1. Give me the extension gain from Asn103 to Asn42: residue separation times 0.36 nm, minus the current Cα-Cα distance, reported in nm with one decimal.
2. Given Cα pairs under 8 Å that are at least 6 residues apart, what percent is the relative contact order of region 74-142?
3. For region 115-125, take each phi angle, set θ = phi - 60°, evaluate the Karplus expression 6.51 cos²θ - 1.76 cosθ + 1.60, and give the result in whole Hz per residue in order, putting x for glycine and proline.
4. Which far-off residues, 5 or more places away or on another chain, put their amide H under 5 Å from the one on Gly30, with H placed in the peptide plane?
5. Relative to the compact globular guide of 2.2 N^0.38 Å, what is the alpha carbon radius of gyration of region 85-149, as a ratio?
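None of the figures in this text is laboratory data; all of them are computed from the coordinates on show. Since the structure is predicted, the reported quantities are computational estimates derived from the model, not experimental observations.
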Amino acid sequence: NYNPSFIQDSSSITALNYYKNRVIMLTQRGTIVTSRSDNIANVFSNTALTTSAIDPIDVVCNNNTSNPLYGSAVVNNGLLVFADSEQYMFTTNNDILTSDTVNVTKVSAYSFEKNSEPINLGVNIGFVSRGFTRFYETTNLYDRGPIDINERSQQI
């Protein structure tokens, strides 16, 4: 039976959220680790011999570099995850979120201030860039396709 990646890599958990009956943990190494869906306090599989739909999910959401993950926000049918310089959509194409149905897709490449939190603006999400210099608003957040990001700090 394997340990979650944040235990194997000795990386720290940088943020928590709750999505589709699972606790979501973001890590310094760029992985998303979830709890079991039947027990949100458990991040371990029951057995290494079989898999089930309630088992924890452990996915890497980096392309070719290891970007630490710092924040997330639930929107529409997904979880928008913020790395240091990229944003990802953590979602499923199915009604049930499992390790077989999970998708992590890069949706944009903007800097994110790690000491801030994404701001829920109804159907959109707002966030500030590194150094608190820009405020961005994400629109068209769906489970597929590119998203639009508008800089709103120009009006301020």
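1. Working: separation 61, 0.36 × 61 = 21.96 nm, distance 2.17 nm.
Answer, rounded to one decimal: 19.8 nm.
2. Numbers: 122 pairs, mean separation 17.8, N = 69.
Contact order relative to length: 26 percent.
3. With the stated coefficients, region 115-125 comes to 8, 10, 10, x, 10, 7, 10, x, 8, 10, 10 Hz.
4. Those lying under 5 Å, H to H, from Gly30 are Leu69.
5. Details: Rg = 13.0 Å, N = 65, 2.2 N^0.38 = 10.7 Å.
So region 85-149 has a normalised radius of gyration of 1.21.
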